[in-house]
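**Student:** Below is a structure I'd like to ask you about.
The values are calculated or read from the model by the stated rules, or taken from the named source; none is laboratory data. From a predicted model like this one, the values you see are computed outputs, not experimental measurements. In this analysis, Cβ positions are derived from the backbone assuming ideal geometry, glycine residues included, and neighbour counts consider all displayed protein chains. These area figures cover heavy atoms from the full protein model, side chains too; ligands, DNA and RNA do not enter into them. Shrake-Rupley method; radii C 1.70, N 1.55, O 1.52, S 1.80 Å.
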Amino acid sequence: MKIIQTHHSDFENETVVTIGTFDGVHIGHQKIIEKLVTSAKKNALKSAILTFFPHPRMVLQKDTTIKLLNTIDEKAAIMEAHGLDYLVIKKFTKAFSRLKAKDFVSEILVKQLQAKKVIIGYDHHFGRNRTANIDDLRQFGTDYQFEVEEISAQDINDVSVSSTKIRTALLEGDIKTANSYLGYNYMLTGTVIRGKGLGKEIGFPTANLHIAESYKLIPADGVYVVKSEINNDTYFGMMNIGTNPTVSQNDNQSIEINFFNLEESLYGSKLKIDMLERIRNEQKFNSVTELQSQLEKDKQTALQYIKNHATH
């Protein structure tokens, strides 16, 4: 898959295109991508998704509170796994939002992406003030010689319902439900940074994960069963999201993973953490000894879960 992040890039191949944020790339989105890829292959074309970043709400409404299910890199990796040929990331600006519908179609869909077919939702609106709809797109298709295929109301509804349920589940710590709608394990991707070393002191050394993308949705505080691919091997562990109230005096959230059967230093490594199950809420203990005792129980709970459910 090729990722294109410049609006100046013209395609060498004619394409079948769909448009959207595709945040989460969940089972509803995957159905649309499969339709896109199948159509492209059938017509000897290339499949392309046109997406926008930053999220339009961040730009138009200056909504800095919006949280997304995927970073750009995570989204790209999932799409590539589903056979997509091109992911086109268009920088969303106020100037771009004022682009007239006809100019958007002629300059971007036709001239740049060389679209011969556009697969789009029945309720899709585009162009300045979002005034153009699928009927307008069909007319443009006649004018510029590309086909328009409508995504059904049911499929669009599935996308909307899934996204809402995933976000709600994650904010409640319900990883099992979120993963069932995603069709894969929810992931956190970041770099291992140095912590205070308290975990090592009490027998549970942790890798402290720093996520650079502030827009990434972090699930509810608590202890989770996780796994990660490190040097081509799968390692399981338990992860704490929270403020470490037993040993810390501040309210800064941290993400710390205690990997089982892993001795090497991970400082500076970039890790993708798959979240499998939630064990419990984060809580404050009366002493470090009580914390150690609970962590040992958590480890046994995690190991039992891995034995019963998780596979390499």
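**Student:** How far, in nm, would the chain grow between ILE202 and ASP135 when pulled straight, counting 0.36 nm per residue and subtracting the alpha carbon separation?
**Tutor:** Working: separation 67, 0.36 × 67 = 24.12 nm, distance 6.43 nm.
That works out to 17.7 nm of additional length.
**Student:** Could you identify which residue out of LEU209, LEU69, LEU60 has the top mean-square fluctuation in a GNM of the chain using Cα springs shorter than 10 Å?
**Tutor:** LEU60
**Student:** Please work out how much accessible surface TYR215 shows to a 1.4 Å probe, ignoring ligands, DNA and RNA, in Å² rounded to 10.
**Tutor:** It works out to around 30 Å².
**Student:** Once you have a ≥ b ≥ c as the square roots of the Cα gyration tensor eigenvalues for the range 1-118, tell me rounded if a/c is under 1.5, and otherwise prolate or oblate according to whether a/b is larger than b/c. Write out the running numbers ahead of the final one.
**Tutor:** On the way: a/c = 2.02, a/b = 1.18, b/c = 1.71.
Because a/c hits 1.5 or more and a/b fails to exceed b/c, the range 1-118 counts as oblate.
**Student:** With the contact rule set at Cα under 8 Å and sequence spacing of 6 or more, what percent relative contact order holds for the chain?
**Tutor:** 16
**Student:** Just want the answer: with Cβ charges of +1 for Lys and Arg and -1 for Asp and Glu, which residue in VAL59, THR243, VAL192 is farthest toward the dipole's positive end in the chain?
**Tutor:** Of VAL59, THR243, VAL192, it is VAL59.
**Student:** Shifting gears a bit: Where nothing but the Cβ of Lys and Arg (+1) and of Asp and Glu (-1) is charged, how large is the charge dipole of the chain around its Cα centre, in debye to the nearest 20?
**Tutor:** 560
**Student:** Still on this structure: At THR142 and ALA95, where each label point lies 7 Å from the Cα along Cα→Cβ, what is the point-to-point distance in nanometres?
**Tutor:** 3.4
**Student:** How many nm is it between the label spots at HIS210 and THR164, if each spot is 7 Å from the Cα in line with the beta carbon?
**Tutor:** According to this spin-label approximation, the distance is 3.9 nm.
**Student:** Keeping all protein chains in place and using 1.4 angstrom, which order do TYR181, TYR224 fall into by accessible surface area, from largest down?
**Tutor:** TYR181, TYR224
**Student:** In debye to the nearest 20, how big a dipole does the range 167-277 give about its Cα centre with +1 on each Lys and Arg Cβ and -1 on each Asp and Glu Cβ?
**Tutor:** The calculated dipole for the range 167-277 is roughly 200 debye.
**Student:** Please work out the Kirkwood hydrodynamic radius for the chain, using every pair of different C-alpha atoms, and report it in angstroms with one decimal place.
**Tutor:** Computed over Cα pairs of the chain, the Kirkwood hydrodynamic radius comes out at 21.5 Å.
**Student:** Please give the solvent-accessible surface of VAL223 in Å², to the nearest 10, using a probe radius of 1.4 Å with every protein chain present.
**Tutor:** 10
**Student:** Run lengths n ≥ 4 of DSSP H only: what is the helix-derived mean residue ellipticity at 222 nm for the chain, with -39500 (n - 2.57) per run over all residues, to the nearest 500?
**Tutor:** That calculation yields -9500 deg cm²/dmol at 222 nm.
**Student:** Mind grabbing the accessible area of LYS2 for me, 1.4 Å probe, Å², rounded to tens?
**Tutor:** Taking all protein chains as shown, LYS2 has close to 110 Å².
**Student:** For each pair in LYS90/LYS216; LYS2/LYS272; LYS67/LYS165; LYS117/LYS216; LYS46/LYS90, compute the distance between the two Cα atoms and list the pairs where it is over 23 Å.
**Tutor:** LYS117/LYS216
**Student:** How big is the charge dipole of the range 95-164 about its Cα centre, in debye rounded to the nearest 20, if each Lys and Arg gets +1 on its Cβ and each Asp and Glu gets -1 on its Cβ?
**Tutor:** Values: 9 positive and 11 negative charges, 86 e Å.
The dipole of the range 95-164 has a size of about 420 debye.
**Student:** Please name whichever of SER97, LEU68, LEU36 sits farthest to the positive end of the charge dipole of the chain, dipole taken about the Cα centre and charges placed at Cβ: Lys and Arg +1, Asp and Glu -1.
**Tutor:** So the residue furthest toward the plus end is SER97.
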